[in-house]
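The values are calculated or read from the model by the stated rules, or taken from the named source; none is laboratory data. Keep in mind it's a predicted model, so treat the numbers as computed, not measured. Neighbour counts are summed over all protein chains in view; Cβ atoms, including those assigned to glycine, are modelled from backbone coordinates with ideal geometry. Quick note on the areas: whole protein, heavy atoms, side chains included, nothing else; ligands and nucleic acids left out. Shrake-Rupley method; radii C 1.70, N 1.55, O 1.52, S 1.80 Å.
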Amino acid sequence: VTGVKVGTTKIFATAEGTEIKGEYSITVTAAPSEPVTPNKALAKYSFASSGTETLDDASLTALFATKVDATTENIVTEVTDSAKVWQGYAKFEALGLKLGTGSVQGKFTAKTSKAISKAVITGYGWAATDTVSIGGADAQAFGNVYKTAKEAVTLTFTFESTQTIPVVFTNRGFITTLEFFA
């Protein structure tokens with residue numbers, strides 16, 4: 001049956017050369033909507049970069065807009081409260097966005113257009129005691145991976161759904177990628 005809209009209709013037929021008739025009801029339903037993919041990132045940012053520029057709130061907000069992955073969308077509408085953030089750092093710029101120093105925490109707060117309940121951060125720690133927290137979730141340690149030339153470490157944070165997400169390094173580390181999930 002083609003050309004039939006969503007709904008129920010009756011089809012009538014008569015056998016040729018007779019008076020035999022029949023009818024049949026048919027129901028057409030809408031095609032199912034595209035399924036929601038669980039754990040699909042709303043936004044993924046890649047900060048592997050070059051340069052050693054110190055970033056303030058406005059320049060970090062602009063950086064998010066240029067670092068979003070092509071398969072996701074930029075949902076960071078504003079960055080506030082940034083301190084000790086660098087786009088790269090000296091000879092380690094390829095590791096990504098650097099937060100903090102040996103004695104001062106690095107931080108920023110991302111404000112998003114959509115509610116977030118999970119964040120996944122991939123990056124490098126500077127020392128074994130350096131930790132990061134996202135969204136107020138418990139701090140987790142990257143470990144001493146940068147100095148030992150290991151692969152970047154991935155940490156997952158879950159928290160109450162929010163559109164204001166603080167990212168805090170107790171001392172120092174590099175963010176290679178940052179993903180936000182609904």
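Among the residues of segment 106-115, is any farther than 19 Å from Ala182 by Cα and among the β-branched types (Val, Ile, Thr)? No; the residues of segment 106-115 include none that is farther than 19 Å from Ala182 by Cα and among the β-branched types (Val, Ile, Thr).
Does segment 86-96 include one or more residues that are modelled with pLDDT under 95, exposed (fewer than 14 other Cβ atoms within 10 Å of the Cβ) and among the charged types (D, E, K, R)? Taking every residue of segment 86-96 in turn, at least one turns out to be modelled with pLDDT under 95, exposed (fewer than 14 other Cβ atoms within 10 Å of the Cβ) and among the charged types (D, E, K, R). Going residue by residue through segment 65-79, is there one that turns out to be open to solvent by less than 40 Å² (accessible area, probe 1.4 Å), more than 20 Å from the chain's Cα centre (by Cα) and at negative phi? Checked segment 65-79: no residue is open to solvent by less than 40 Å² (accessible area, probe 1.4 Å), more than 20 Å from the chain's Cα centre (by Cα) and at negative phi. Does any residue of segment 36-43 turn out to be within 18 Å of the chain's Cα centre (by Cα), modelled with pLDDT of 95 or more and in a loop (DSSP other than H, G, I, E, B)? For segment 36-43, residues within 18 Å of the chain's Cα centre (by Cα), modelled with pLDDT of 95 or more and in a loop (DSSP other than H, G, I, E, B): absent.
The residue of segment 44-64 that is modelled with the highest pLDDT, among those that are more than 24 Å from Ser113 (Cβ to Cβ) and surrounded by 10 or more Cβ atoms within 10 Å (Cβ to Cβ), is Thr54. With respect to (1) touching a residue at least 24 places away in the same chain (Cβ under 8 Å); (2) buried (at least 20 other Cβ atoms within 10 Å of the Cβ), the lone exception for Phe159 is condition (2). The residues in segment 139-173 that are modelled with pLDDT of 90 or more and farther than 19 Å from Phe108 by Cβ can be counted, and the count is 7. Residues in segment 99-153 that are over 20 Å from Glu78 (Cα atoms) and charged (D, E, K, R) were compared, and the one that is most open to solvent (accessible area, probe 1.4 Å) is Glu151.
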